[in-house]
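The values are calculated or read from the model by the stated rules, or taken from the named source; none is laboratory data. Being a predicted model, the structure only gives us computed values, none of them experimental. We place every Cβ from the backbone using ideal geometry, glycine too, and count neighbours over all the protein chains shown.
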Amino acid sequence: MNQEKIGKFIAKCRKEKKMTQSDLAEKMGVTDKSIGNWENGRNMPDLSLFKPLCDELDITINELLSGEKLEKEEYQEKLEENIINTIDYSTKKINIIRNNLGIVLLVLGILISFTAMTMFASESSWGSIYSVIGAVISLIGVSKLTKKYKYSKRLVICITYFIFYLVSLFTIDYISVISLKQLPRFCTIKTGNGYVYECDNPLYTVYRVNSNTQNEYIIVDTNKKYTLDTVPIVPFNREKSGIDNIIKYKNKYVGNNSNDGNLISSLPLSEYGYVFEIDSEKLGLIIDYQITDWYINENYYLEKSIVYNSVSIFSLIDNVKYIKYNFSGKTYEVKRENVENNFPNYKDITKDGMNKKAFNKYLEQKISDIEFIDLCFHKFVS
């Protein structure tokens, strides 16, 4: 079907009828631009307009599709040819519409999944539900785009695409868990016990400790070695205050303001704001916290923090002799000799410079034991 030839024929017949493009457009119920596009061969009239157009131009549909006036002897031959061309043209139009619909569904599904992954909180089940709905919509789009292939090939393409789509969702979710420190959206169980929120993914488990507090932290358990009862629970932000982070501030000498300041800011109590100074003569650290001591002492938080901070600082900065913790209500002073002599297994913690396993076993895992903390606190503080 020669669109350019048909367009020129429409223009010729229109002019023979002494009609402008506007006149013909008005009779056909279309715009002037549509008539111009037909006559320039950019597109064809809709199939439903063939008969009305031919009536207006006083030609047959066979002549319209041939793009010329036909003699009787060639009419039948052209008719068969034009029927075939029309069927072919209709099929192409249907394929274009189907492909366009497929692309729309493909893109729409991806947008729904992306929006669901960003709009809903990770602990909300709606994020995973809408992400899967987006995957299904996108799969329907792929199915429409591959309709030209045989059934077996279409099936392979659709299954492969759906698996790839789901793997991509799980991968993006895992990256979000690691980088944004949040619960996964795709999981089988979400439970909690007040202190810990557990989310069990088929490939890993995520624990959110101190949920909805300023000391909230995430543990991603890829080896499935923890349970709700054994996961490390401390009242601090473990990612910031844990030995895996603070060990990088180990130093032989107090006095490096940058190193000392980074260590203090990583330890508990820093969340309330502080300033510090170094006693170079007596080798001490003096930390002024911008809060009253009793105000933060719910569940022995003050005592736990001072014990944890003291053991951490003395273990990591070799020549510190004392630490003063100043609050607006009171001052607590802790000397190195008191920690070394009264904290159980202190030598194991500082063995070979610093032993992370011993630190976690003898300090971190005992930090929630009120009796242990109370005993250490009274032996530490002068």
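Remarks
- Within segment 115-160, if we keep just the residues that are closer than 15 Å to P184 by Cα and among the aromatic types (F, W, Y), the residue that is surrounded by the most Cβ atoms within 10 Å (Cβ to Cβ) turns out to be Y130.
- Flag if K324 is touching a residue at least 24 places away in the same chain (Cβ under 8 Å), under 19 Å from H378 (Cα atoms) and either in contact with a Lys or Arg (Cβ under 8 Å, 6 or more places away or on another chain) or part of a strand (DSSP E or B) (or both): yes
- Segment 257-293 - residue that is among the β-branched types (V, I, T), over 23 Å from Y217 (Cα atoms) and out of contact with any Gly (no Cβ under 9 Å at 6 or more places or on another chain) and, of those, surrounded by the most Cβ atoms within 10 Å (Cβ to Cβ): I287
- E371 under 44 Å from the mean Cα position of the chain (by Cα), part of a helix (DSSP H, G or I) and without any contact (Cβ under 8 Å) to a residue 12 or more places away in the chain: yes
Residue-wise test of (1) charged (D, E, K, R); (2) loosely packed, with under 12 Cβ neighbours inside 10 Å.
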position	(1), (2)
G192	no, no
V196	no, no
C199	no, no
T205	no, no
V209	no, no
N215	no, no
I219	no, no
N223	no, yes
D229	yes, yes
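- Among the residues listed as S48, S22, the single one being among the hydroxyl-bearing types (S, T, Y) and at pLDDT 90 or above: S22
- Residue check: I219 meets all listed conditions (1) closer than 21 Å to S266 by Cβ; (2) among the aliphatic types (A, V, I, L, M); (3) assigned to a loop (DSSP other than H, G, I, E, B) but one, namely (3).
- In segment 226-247, residue farthest from N215 (Cα to Cα) [restricted to those that are among the charged types (D, E, K, R) and not in a loop (DSSP other than H, G, I, E, B)]: D244
- Lone unmet requirement of (1) of a type in the set (S, T, Y); (2) surrounded by fewer than 18 Cβ atoms within 10 Å (Cβ to Cβ); (3) farther than 24 Å from P232 by Cα for Y332: (2)
- Residue in segment 170-187 that is under 24 Å from the mean Cα position of the chain (by Cα), over 30 Å from T222 (Cα atoms) and not assigned by TED's automatic domain parsing to the domain that holds S211 present: no
- Considering each residue of segment 351-358 in turn, none proves to be at pLDDT 95 or above, over 39 Å from the mean Cα position of the chain (by Cα) and either of a type outside the set (F, W, Y) or over 17 Å from P268 (Cα atoms) (or both).
- For segment 134-163, a residue qualifies if it is without any contact (Cβ under 8 Å) to a residue 24 or more places away in the chain and assigned to a helix (DSSP H, G or I), and the qualifying residues are Y151, S152, K153, R154, L155, V156, I157, C158, I159, T160, Y161, I163.
- The single condition from (1) touching a residue at least 60 places away in the same chain (Cβ under 8 Å); (2) over 19 Å from N360 (Cα atoms); (3) in contact with a Phe, Trp or Tyr (Cβ under 8 Å, 6 or more places away or on another chain) that Y289 fails is (1).
- Among all positions in segment 34-41, there is at least one residue which is on the phi > 0 side of the Ramachandran plot, in contact (Cβ under 8 Å) with a residue 12 or more places away in the chain, under 57 Å from the mean Cα position of the chain (by Cα) and not in a helix (DSSP H, G or I).
- Positions within segment 1-33 being free of Cβ contacts under 8 Å to residues at least 24 places away in the same chain, among the basic types (K, R) and assigned to a helix (DSSP H, G or I), in sequence order: K12, K15, K33
- Search result, residues across segment 270-308 that are within 19 Å of K252 (Cβ to Cβ) and either part of a helix (DSSP H, G or I) or of a type in the set (A, V, I, L, M) (or both): I278, L283, L285
- Selection over segment 4-15 of residues that are surrounded by fewer than 16 Cβ atoms within 10 Å (Cβ to Cβ) and at pLDDT below 90 gives a count of 2.
- Every residue from segment 167-189 that is modelled with pLDDT under 90, among the aliphatic types (A, V, I, L, M) and surrounded by fewer than 17 Cβ atoms within 10 Å (Cβ to Cβ): I178, L180, I189
- Inside segment 367-382, residues that are exposed (fewer than 13 other Cβ atoms within 10 Å of the Cβ) and of a type in the set (A, V, I, L, M) make up a count of 1.
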